[in-house]
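Working notes, structure below.
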Amino acid sequence: VVKAMFLAFDQPRFMAVVEAAFKPSRLQGWLPLSNPAALTPEELAKMPGYRADKSEDLPEAKRLMAEAGYPDGFKGTLTCINPALQAEVLCPEMQAQFKSSLNIDLELVIVDRSGVSDIYTSGDWEFFYGAPPIGVRLSDPTPNWLTEAVCGAEKNYRGYCNAELDEV
């Protein structure tokens, strides 16, 4: 489901919304553009999930949703922090995209920024926008990835687990 949502999400459209509200902003992957290993915005723009042309990504996203048992979408919640940019612009944009592309009907739950850590670490959310990133703004995010993105890691509040990737 997460991969389907990633493929269906129109990153360039989202970045245009971000750019209109908050400049400067550029398409960026897991590594900051200052990192020599980071892909350029031009390279990212050609990759599934990042490219503007969704003619290949959407059918694959819908196939993944059906394979996961959600061919007709589902209802859920998207928890967002309350600064106006997130609560009034970015989260409603995400909500609209997921509804129109995969029929994922997300109710917005707006939370005060002061309580983000408690809510995020409790795991009492389905999808969260505005949560602390996994060290993506560091030149070398490896230490953060090891504590936040491997199976059973101490701060893996997302619950992500890919044993094959952990071996790398």
Could you please find all residues in the range 75-104 being of a type in the set (A, V, I, L, M), assigned to a helix (DSSP H, G or I), touching a strand residue (DSSP E or B) at 6+ places or on another chain (Cβ under 8 Å) and more than 18 Å from Pro12 (Cβ to Cβ)? Ala87
Evaluate the following for Asp53: is it farther than 26 Å from Pro141 by Cα, touching a residue at least 12 places away in the same chain (Cβ under 8 Å) and of a type in the set (D, E, K, R)? no
Residue by residue through the range 82-97, note down the ones that are more than 12 Å from Phe127 (Cα to Cα) and not polar (S, T, N, Q). Pro83, Ala84, Leu85, Ala87, Glu88, Val89, Leu90, Pro92, Glu93, Ala96
Filter the range 86-104 down to residues that are without any contact (Cβ under 8 Å) to a residue 60 or more places away in the chain and either of a type outside the set (D, E, K, R) or more than 21 Å from Val17 (Cα to Cα) (or both) and give me whichever is least open to solvent (accessible area, probe 1.4 Å). Cys91
What helices (runs of 4 or more DSSP H) lie completely within the range 4-74 and have 2 or more residues being at pLDDT below 80 and of a type in the set (A, V, I, L, M)? 11-21
I'd like the full set of residues that are touching a Leu at 6+ places or on another chain (Cβ under 9 Å), surrounded by 12 or more Cβ atoms within 10 Å (Cβ to Cβ) and in a strand (DSSP E or B), limited to the range 105-125. Leu106, Leu108, Val109
Can you tell which of Pro83, Pro71 is in contact with a Lys or Arg (Cβ under 8 Å, 6 or more places away or on another chain), without any contact (Cβ under 8 Å) to a residue 60 or more places away in the chain, of a type outside the set (S, T, N, Q) and more than 23 Å from Ser114 (Cα to Cα)? Pro71
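The values are calculated or read from the model by the stated rules, or taken from the named source; none is laboratory data. Bear in mind the structure is a predicted one, so any value in this text is a computation, not a measurement. Reconstructed Cβ throughout: ideal geometry from the backbone, glycine too, with neighbour counts over all protein chains shown. Ligands, DNA and RNA are excluded from the accessible area calculation, which covers all protein heavy atoms including side chains. Shrake-Rupley method; radii C 1.70, N 1.55, O 1.52, S 1.80 Å.
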